[in-house]
Amino acid sequence: MFAASLGALLAHSIDYAGIFPPCSLALEPALQNQARYVRDPDPWMLNNFVLPVEKFDAAAESISLFDREHPLRISALGAKTQNADEFIGKLKIAADKIRSFSADHFDLVSISQLEMPLPQDVNLESLARIGLTLKGLELQAFWETPVDSAEKTIALLAEHNLQTSAPPFGYKLRTGGVTADAFPTSEQIARALVGAAKHRVPIKFTAGLHHPIRQFRDEVKTKMHGFLNMLGAAVLGAEHEWDEQQTSEMLEDENAASFLFGDDSFAWREWKIGTGQIKARRKLIISFGSCSFDEPREDLRALNLLTI
């Protein structure tokens, strides 16, 4: 069992990225895990399987693991490129493969997201071309840049989103990795969260969020950000129009007792948000990628936030 506010905060929040470090599983066992996860007692926390477009053909060999009631939900990952023109070219290839793969496995596969690193020279004109390339695809796109350009990129995406009736472009924030230097500071993350809330740009997170509460981890020789800190700061910050300092303070909190979950609301220290409002805020605060779906749940049980 779990509190309703925790359920609202974590519903479909974990994108399973088992083929990526540090787990780095081969594709087949990772897909076997996904097939098991969609049938286990906690499917409510599971979102998409992160699958590079280049691995679509290989993934087709394991499609029989899924069925109509338990489809393979995918967040497609596009290639990294050096400039806007190369990006458009790779995006066209990715879009074609998404259309083809979806058509070939229409009853077993659902591709609802596309993630791709965005080159530095992309501008409003480039974003308009990107939108035309994705026309007709029923998915939401998230573009990743280095964290030091997050504010600028989010503002650019917001300007584009105002000029189109297509699904809004979202931002993908990298929150860690396998080495200490891959982890952005809380201040850097706070600027991205504040910018996304201000401009109403959808945001998702990737890497380094295996554990609920911020803590030092010897395997990376630094403090890893907590996914309860991250999602909690995102919903509370949006609800109460926090500034970067207040947002950073929550991201830095390492005391699990600061986080209180009830059926009616979630509270962090003196700040509170109702369960219904969490659900509303989560429409723009999408998910986080993790190479493990088991580790986050085990940690939640250790905190007595999950009791089954």
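Okay, here's what the table says:
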| quantity | calculated |
| --- | --- |
| Cα lying deepest toward the dipole's positive end in the chain, options T206, P43, S165, charges on Cβ | S165 |
| Part-to-part distance (alpha-carbon centres) for segment 115-146 and segment 151-210, which is given in Å | 14 Å |
| Loop-located chymotrypsin sites (Phe, Trp or Tyr not before Pro) in segment 81-147, at most 14 other Cβ atoms within 10 Å (DSSP) | F106 |
| Approximate spin-label separation T307-L25, in nm, with each point projected 7 Å along Cα-to-Cβ | 3.0 nm |
| Over segment 86-159, equivalent-ellipsoid semi-axes from the Cα gyration tensor in Å | 25, 13, 11 |
| Largest-first principal axis extents of the Cα set of the chain (Å) | 49, 42, 38 |
| Within the chain, longest stretch free of exposed trypsin sites (Lys or Arg not before Pro) [DSSP loop, at most 12 other beta carbons within 10 Å] | 136-220 |
| Within segment 242-261: backbone nitrogen closer than 20 Å to the Q215 label point (7 Å, Cα to C-beta) | 250-261 |
| Gain on full stretching of the segment that runs from D181 to K198 - 0.36 nm per residue minus C-alpha separation | 3.3 nm |
| Segment 1-131, relative contact order [Cα under 8 Å, separation at least 6], % | 23 percent |
| Probe 1.4 Å, protein heavy atoms only - accessible area per residue of the chain in square angstrom | 45 Å² |
| Positive-end extreme of charge dipole, the chain - chosen from P146, Q245, L132 (charges on Cβ) | L132 |
| Interatomic Cα distance distribution for segment 1-67, bins of 10 angstrom, percent | 19, 48, 25, 8, 0 |
| Whether segment 134-249 is rounded, prolate or oblate, judged on the alpha carbon gyration tensor where a/c under 1.5 counts as rounded | prolate |
| Theoretical gain in end-to-end length, A11 to D107 [0.36 nm per residue, Cα-Cα removed] | 32.2 nm |
| Loop-located GluC sites (Glu not before Pro) in segment 60-153 whose Cβ has at most 12 other Cβ within 10 Å (DSSP) | E61, E69, E138 |
| Rel. contact order, % - alpha carbon contacts under 8 angstrom, at least six apart, the chain | 21 percent |
| Rounded percent of accessible protein surface that carbon and sulfur make up, the chain, 1.4 Å probe | 50 percent |
| Förster radius 25 Å - calculated FRET efficiency between K92 and S64, Cβ distance, rounded to 0.05 | 0.25 |
| Taking the convex hull of Cα positions in segment 55-183, its mean projected area over all directions (nm²) | 9.0 nm² |
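The values are calculated or read from the model by the stated rules, or taken from the named source; none is laboratory data. Keep in mind the model is a prediction, meaning the values are calculated, not measured. Glycine gets a Cβ as well: all are built from the backbone with ideal geometry, and neighbour counts include every protein chain shown. Each accessible area value is taken on the protein alone, full model and side chains, heavy atoms only, with ligands, DNA and RNA left out. Shrake-Rupley method; radii C 1.70, N 1.55, O 1.52, S 1.80 Å.
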